[in-house]
Amino acid sequence: GHPGACYDLAIMCGRGEGGPTDEARAARHYIAACKAGHPAACHAAGVALDQGKGVEPDKTGAIPYFRLACTLGEHRGCRHLGLAYLSGNGVAKDTQRARGLLEASCEADDADSCFDLGVMWFNGEGIPKNQVKARSIYAKACKLGHERACSYKTPPFRRRSGSGFDYY
């Protein structure tokens with residue numbers, strides 16, 4: 001079939017549009033659309049396997065789908081692959097690879113990847129802790145529409161009982 005049509009059908013099955021919600025059927029259509037070269041379907045197939053949506057959870061089995069999605073230019077696939085390398089879920093932990101994938105996706109304006117990269121810098125996960133760099137990355141994620149990043153882009157404040165703010 002046509003990969004775009006398979007992808008659209010998968011979305012409809014997953015949402016219950018035109019019938020009952022059927023995550024197993026959605027997963028099958030995502031996998032079929034991915035095999036036909038649809039980048040977003042590869043990402044969705046990876047998510048289905050990673051989270052066990054309509055299929056048995058298989059973090060290792062999700063990795064080839066995330067990798068293919070990333071190779072085909074789907075930055076959400078690169079992000080999920082990066083997070084897998086960061087956590088060691090489904091692949092050997094490799095923080096440098098994780099950083100590279102998240103940086104590339106952030107540079108392509110994926111807000112979630114920017115946020116995750118900011119967390120890496122803020123916490124010093126496999127890289128030197130750098131809260132100034134983290135805040136600049138959070139600012140980019142905020143600009144791209146990541147609401148949570150908006151509260152992280154400046155140092156945390158709390159109200160004092162008088163006027164002004166204090167760091168905490």
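Take the residues of the range 8-23 that are under 22 Å from the mean Cα position of the chain (by Cα) and of a type in the set (A, V, I, L, M): which is farthest from Arg67 (Cα to Cα)?
This residue is Met12.
Take the range 20-43 and flag every residue that is assigned to a helix (DSSP H, G or I), small (Gly, Ala, Ser) and open to solvent by 20 Å² or more (accessible area, probe 1.4 Å).
Of everything in the range 20-43, those that are assigned to a helix (DSSP H, G or I), small (Gly, Ala, Ser) and open to solvent by 20 Å² or more (accessible area, probe 1.4 Å) turn out to be Ala24, Ala32.
Considering each residue of the range 86-114, count those that are part of a helix (DSSP H, G or I) and under 16 Å from His43 (Cβ atoms), and give that number.
Residues that pass the stated criteria total 7.
Among residues belonging to the range 1-19 that are in contact (Cβ under 8 Å) with a residue 24 or more places away in the chain and outside any helix (DSSP H, G or I), point out the one that is nearest to Asp110 (Cα to Cα).
Once the filter is applied, the top-ranked residue is His2.
Given the criteria surrounded by 17 or more Cβ atoms within 10 Å (Cβ to Cβ) and either among the hydroxyl-bearing types (Ser, Thr, Tyr) or more than 13 Å from the chain's Cα centre (by Cα) (or both), does Ala111 qualify?
no
Examine the range 51-65 for a residue that is among the aromatic types (Phe, Trp, Tyr), more than 26 Å from Gly126 (Cα to Cα) and assigned to a helix (DSSP H, G or I), and state whether such a residue exists.
No, the conditions are met nowhere in the range 51-65.
Within the range 127-165, how many residues are part of a loop (DSSP other than H, G, I, E, B) and modelled with pLDDT of 90 or more?
Qualifying residue count for the region: 7.
The values are calculated or read from the model by the stated rules, or taken from the named source; none is laboratory data. Predicted, not measured: the structure shown is a model, and the values here were computed from it. Using ideal geometry, Cβ is built from the backbone for each residue, glycine included, and neighbour counts are taken over all protein chains shown. Ligands, DNA and RNA are stripped out before the accessible areas are found, and what is left, the full protein with its side chains, is counted by its heavy atoms. Shrake-Rupley method; radii C 1.70, N 1.55, O 1.52, S 1.80 Å.
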